[in-house]
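Notes to accompany the following structure.
The values are calculated or read from the model by the stated rules, or taken from the named source; none is laboratory data. Owing to the predicted nature of the structure, the values given are computational and were not obtained by experimental measurement. Please note: Cβ atoms are built from the backbone with ideal geometry, for glycine as well, and neighbour counts cover all protein chains shown.
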Amino acid sequence: MNVRRIVLDVDKSLNRPTLMELASAIENVQGVEALNISVNEIDMETMGTVIAIEGTKINVDQLITAIEDTGSVVHSIDEIATGARILSSVQTRQ
């Protein structure tokens, strides 16, 4: 499957890995061409992040392993795009 975009909900400790270390680990995964890490929550011990990754044929298993090897935790896959191109985001009524 040609995974082109994936958005993950990831928690990490406040001190390690740093955002740069986490980005570096993700960047080394097969198929990753670009990524964005946004902090969306901070408490006394952890930092919640949303990580958006784009590329061609992203190796999802290797991606999750790389993130977990830093000591971070993948809570969920919140978006995934596959195929020959990426569709624009679709807004739905909730």
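Computed quantities for the displayed model
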{"quantity": "Residue count, the stretch 56-66 (criterion: assigned to a helix (DSSP H, G or I), among the hydroxyl-bearing types (Ser, Thr, Tyr) and under 19 Å from residue 36 (Cβ atoms))", "calculated": "0"}
{"quantity": "Residue 7 vs. criteria in a strand (DSSP E or B) and under 18 Å from residue 89 (Cβ atoms)", "calculated": "yes"}
{"quantity": "Complete set of residues in the stretch 78-94 that are surrounded by fewer than 14 Cβ atoms within 10 Å (Cβ to Cβ) and aliphatic (A, V, I, L, M)", "calculated": "84, 86, 87, 90"}
{"quantity": "Filter result for residue 34 (over 13 Å from residue 66 (Cβ atoms), of a type in the set (A, V, I, L, M), loosely packed, with under 13 Cβ neighbours inside 10 Å and at pLDDT 95 or above)", "calculated": "yes"}
{"quantity": "Selected residue (criterion: farthest from residue 22 (Cα to Cα)) from residues of the stretch 76-94 that are outside any strand (DSSP E or B) and among the β-branched types (Val, Ile, Thr)", "calculated": "92"}
{"quantity": "Count of residues meeting criterion [assigned to a helix (DSSP H, G or I) and touching a helix residue (DSSP H, G or I) at 6+ places or on another chain (Cβ under 7 Å)] in the stretch 23-45", "calculated": "2"}
{"quantity": "Contacts under 9 angstrom Cβ, first residue in the stretch 6-18 being under 13 Å from residue 64 (Cβ atoms), partner in a loop (DSSP other than H, G, I, E, B) and not aromatic (Phe, Trp, Tyr), 6 or more apart", "calculated": "6/58; 10/72"}
{"quantity": "Filtered residues of the stretch 1-46 (kept if of a type in the set (Val, Ile, Thr) and either within 12 Å of the chain's Cα centre (by Cα) or more than 15 Å from residue 62 (Cα to Cα) (or both))", "calculated": "6, 7, 10, 18, 26, 29, 32, 37, 39, 42, 46"}
{"quantity": "Residues of the stretch 37-57 satisfying the condition of being surrounded by fewer than 17 Cβ atoms within 10 Å (Cβ to Cβ) and among the aliphatic types (A, V, I, L, M)", "calculated": "39, 42, 44, 50, 52"}
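Here's the yes/no breakdown for (1) in a strand (DSSP E or B); (2) over 27 Å from residue 87 (Cα atoms):
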{"site": "1", "(1), (2)": "no, no"}
{"site": "12", "(1), (2)": "yes, yes"}
{"site": "15", "(1), (2)": "no, yes"}
{"site": "54", "(1), (2)": "yes, no"}
{"site": "68", "(1), (2)": "no, yes"}
{"site": "74", "(1), (2)": "yes, no"}
